1. For the chain, find the longest principal axis of its Cα atoms and tell me its angle to the long axis of helix 85-99, 0 to 90°, nearest 10.
2. Assuming R0 = 51 Å, what is the FRET efficiency of A234 and K185, from their Cβ-Cβ distance, to the nearest 0.05?
3. At 0.36 nm per residue, minus the direct Cα-Cα distance, what do H162 and N134 gain on full extension? Give it in nm, one decimal, please.
4. Give the calculated FRET efficiency between A119 and S339 to the nearest 0.05, with a Förster radius of 30 Å applied to their Cβ-Cβ distance.
5. In cubic angstrom, how much convex hull volume per residue do the alpha carbon atoms of the chain span?
6. Which of the trypsin sites (Lys or Arg not before Pro) across segment 185-256 are loop residues per DSSP, with 12 or fewer other Cβ within 10 Å?
7. May I ask for the distance between the Cα centers of segment 93-113 and segment 161-221, given as a whole number of Å?
8. Students often get this wrong, so check it: of K280/K331; K115/K170; K133/K167; K294/K331, which have C-alpha atoms separated by over 22 Å?
Amino acid sequence: MLPVILSGGAGTRLWPISRPDKPKQFLPLIDAQTMIQQTIARISGLDFMSAPLVICNEQHLSLVQSQLAGIADIRIMLEPVGRNTAPAITAAALYCEAHEQDGLMLVLSSDHVIKNKDAFQKAVAAARLAAMKNKYALFGIVPTHAETGYGYIETEIMASSHALTVKAFKEKPDAATAKKYVSQKNYFWNSGMFTIPAKLFLTEIAQFEPHMHTLVKAAYEHAAHSNTVIKLDATSFEKIKGTSIDYAVMEHTKNAVVIPLDAGWSDVGSWNSVWEFSQKDNNGNAATGNVFFKNAHNNLVRTENSKPIMLLGMQDCIVIESNDVLLIADKHAAQEVKSIAELFTKK
């Protein structure tokens, strides 16, 4: 099975530390390893895995090469522009069909956290079995609460917990709807991770998105090859109208199942998520850098500078100091960081 690591995200919800030139997957947000390094480490020990294929933007090539140095036979595919996940996975499927005997892919995001590696690997093994039966296997996260920030997958209620038939995809719900989903036990968070039979995917992407398929195939066939790097042809790739794999294929196919995953997963989509997964003191404070607290509770503070930061009598605050920006926010406003970042960039 070919591990395909998608590394095209900009990570603006973790501004100002995460920037377009070095987005969150290249940052050590939770522990000493960066998130892309954690993603690679998570599949180590699975004896049915090939060397990874990392798909990233051209400007991040040196970051991928430096952070994943030492991984044998790694391949890097460069996108000239970002066009969402469907074109990237189509290009990966073309590579997989040409180079992998079994033609199976494990598609992972490079910027997720999964606490329980063993549970994750067991789910991957189950998903591989489904893919060998010519099914897409989607990793559906067992909800821990009524989350409104994720899309949901509705499955048929079945006796087996290994592979559940997909019934419908649901957009991000309001609070009442999310609570209803979680209570029914057959709704899962859509993680954006999959196992995919390459031949099936190429057949269906050609059926559902023929223009995209044609352009990606041209970009792949005219790619420039240099050692371990595959640079997709810009002339064709830039013409693609980007869309996600969910909209392009998963919402139309009759060949998808869900593998439930209960392994401490997060897409780390906000500073609240970073706080949740970080080590904390007895008062719930998480800190990186030269930080001090007094009568403070449940705060997240990160600084890239040596200047000390002191919080006195504060609670539920986010304080993020980069080399050129200081962000101070209420934790309840964490989802608005992206909009602030966009305003700052326009100045």
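The values are calculated or read from the model by the stated rules, or taken from the named source; none is laboratory data. Predicted model, so just to flag it, every value in this text is computed and none were measured. Positions of Cβ are backbone-derived with ideal geometry, glycine not excepted, and every protein chain shown enters the neighbour counts. Remember, those area values only see protein heavy atoms, side chains included, never the ligands or the DNA or RNA. Shrake-Rupley method; radii C 1.70, N 1.55, O 1.52, S 1.80 Å.
1. Relative to the chain, helix 85-99 is tipped by roughly 50 degrees.
2. Numbers: r = 47 Å, r/R0 = 0.92.
With a Förster radius of 51 Å, E is 0.65.
3. On the way: separation 28, 0.36 × 28 = 10.08 nm, distance 1.54 nm.
So the chain would gain 8.5 nm between H162 and N134.
4. The computed FRET efficiency comes out at 0.30.
5. Values: hull volume 50.9 nm³, N = 347.
Expressed per residue, the convex hull around the Cα atoms of the chain is 147 Å³.
6. Values: sites: K185, K199, K217, K231, K239, K241, K254; in loops: K185, K239, K241, K254.
Those satisfying the criteria are K185, K241, K254.
7. Here the two parts' Cα centres lie 16 Å apart.
8. Working: K280/K331 15 Å; K115/K170 26 Å; K133/K167 19 Å; K294/K331 18 Å.
Long pairs (Cα-Cα over 22 Å): K115/K170.
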